[in-house]
Amino acid sequence: MILAEKILSLRKSNGWSQEELAEKMNVSRQSISKWESAAAIPDINRILELARLFGVTTDYLLKDDFETAVYSGADETENYRRVSLQEMNDFLKNNANYGSRIALGAILCILSPVLLIVLSAASRAGIAITERAASGIGIMTVFLMVAGAVAIFIISSAKMERFEYLENGNFELEYGLSGIIKEKRAAFEKTHVQRTALGVVLCILCPIPLIVAGIFRASNMTLSCFTALLLAVVSVAVYLFITVGTIKGGYDQLLREGEFEPKEQERAKRVSKFAGVYWPIVVAFYLGWSFLTNNWGITWVVLPIAALIFAGVSSILHSLER
């Protein structure tokens, strides 16, 4: 008996229609129809899901010489948590708030050197402040804003710990919820595309004032102000990326799609391990160079360059997993 016949037989023995099985699998009815007619073959993650739903072994599904269903002997869903409509809405609301708070923390980190850059330029231009005072106030502001951002990150993560089972995938949606989530995600897609596009445009255009000022040999004070403007625009773009990305990620997490598919989560773990080593080194280099040279108006370029390198390495790590 081939896989298509086994899926058809098991579905009928459970009394499910193609629509009901599609709902449980978070796929379309057409996908189920193609699997049962042998027009398409489910990928390994879907096969594991089918085995779990039907309570059979993967060997039975994958090996044609098995004619009789071989049951796993245990209900693998016993330890799975059922997600109700109220819990789903609670998660989506908290997840959106979480994204806003994380975005705020990111903005604090990005804007933290702005006052130092401006005050340092003002002191060099002889405008109302000494170089020592400018450095002291600016550096203190950097530490205070970064400390505030870290506090936001820690508190926000703690508030989302009760939804940890969703991240691990140890849950089942109540009947009909996947359809509701897909509708919500589809309705949000236009906002997601628009805000992401706006963020990209802001990132592309933000260096233009600084470049033009450099071409016309503007004063250090003017260059510093345009640098501060650049960081402000970047912070707006980052806010857009994080907020819409978190909301869309919440929908994908509930549906176990996109980056929350089992294979994608394995790739994410590899990237996370790299990030855990990479970013502390970058921050240490940035702070070391800044304090040694006291040229905070230049050393900030380490962070965007490091971000580009990180994006490139992450893409390579993803490609190696395929």
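The values are calculated or read from the model by the stated rules, or taken from the named source; none is laboratory data. Because the structure is predicted, anything quoted here is derived from the model rather than measured. Every residue, glycine as well, gets a Cβ built from its backbone with ideal geometry; the counts of neighbours run over all protein chains shown. Surface accessibility is based on the protein's heavy atoms, side chains included, excluding ligands, DNA and RNA. Shrake-Rupley method; radii C 1.70, N 1.55, O 1.52, S 1.80 Å.
The table below lists the values:
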{"item": "Förster-model FRET efficiency, 22 Å R0, Ala187 and Lys93, C-beta, rounded to 0.05", "result": "0.90"}
{"item": "Spin-label proximity, Arg82 to segment 16-55 - amide N less than 16 Å from point 7 Å beyond Cα toward beta carbon", "result": "24"}
{"item": "Value of [θ]222 nm, deg cm²/dmol, for the chain, DSSP H segments ≥ 4, -39500 (n - 2.57) each, nearest 500", "result": "-25000 deg cm²/dmol"}
{"item": "Degrees separating the helix 302-321 axis from the principal Cα axis of the chain, which is the longest one", "result": "20"}
{"item": "Of Lys63/Lys182; Lys34/Lys159; Lys12/Lys93; Lys12/Lys248; Lys34/Lys248; Lys12/Lys190, pairs whose Cα-Cα distance is over 31 Å", "result": "Lys63/Lys182; Lys34/Lys159; Lys12/Lys93; Lys12/Lys248; Lys12/Lys190"}
{"item": "Per-residue HN-Hα couplings for segment 173-188 [Karplus 6.51, -1.76, 1.60; θ = phi - 60°; Hz; x = Gly/Pro]", "result": "7, 5, 4, x, 6, 4, x, 5, 5, 5, 5, 4, 5, 4, 5, 7"}
{"item": "Cβ-Cβ FRET estimate between Ser37 and Val201, R0 fixed at 41 Å, reported to 0.05", "result": "0.35"}
{"item": "Exposure of Lys12 as accessible area (Å², to 10), given a probe of 1.4 Å and all protein chains", "result": "130"}
{"item": "Placed amide H near Ala40: partners under 5 Å, 5+ positions off or other chain", "result": "Trp35"}
{"item": "Angle in degrees between helix 114-124 and the longest Cα principal axis of the chain, rounded to the nearest 10", "result": "20"}
{"item": "Whole-number accessible area per residue in Å² for the chain, which is evaluated in the context of all protein chains at 1.4 Å", "result": "55"}
{"item": "Built amide H within the under 5 Å cut-off of Leu173, gap 5+", "result": "Val83"}
{"item": "Heavy atoms of Cys206 accessible to a 1.4 Å probe, total area in Å² rounded to 10", "result": "20"}
{"item": "Solvent-accessible surface (1.4 angstrom probe) belonging to Leu166, in square angstrom, nearest 10", "result": "10"}
{"item": "Virtual spin-label span in nm between Gln30 and Leu144, 7 Å along Cα→Cβ", "result": "5.9"}
{"item": "Heavy-atom accessible surface of segment 198-252: percent carbon and sulfur, 1.4 Å", "result": "78"}
{"item": "Cβ-derived FRET efficiency at R0 45 Å, Asp252 paired with Asn220, nearest 0.05", "result": "0.45"}
{"item": "Integer Hz, Karplus 6.51/-1.76/1.60 couplings in order for segment 129-145, x for Gly and Pro", "result": "8, 7, 5, 5, 5, 4, 5, x, 5, x, 5, 4, 5, 4, 5, 5, 5"}
{"item": "Cα long-axis angle, helix 262-293 against the chain (0 to 90 degrees, to the nearest 10)", "result": "10"}
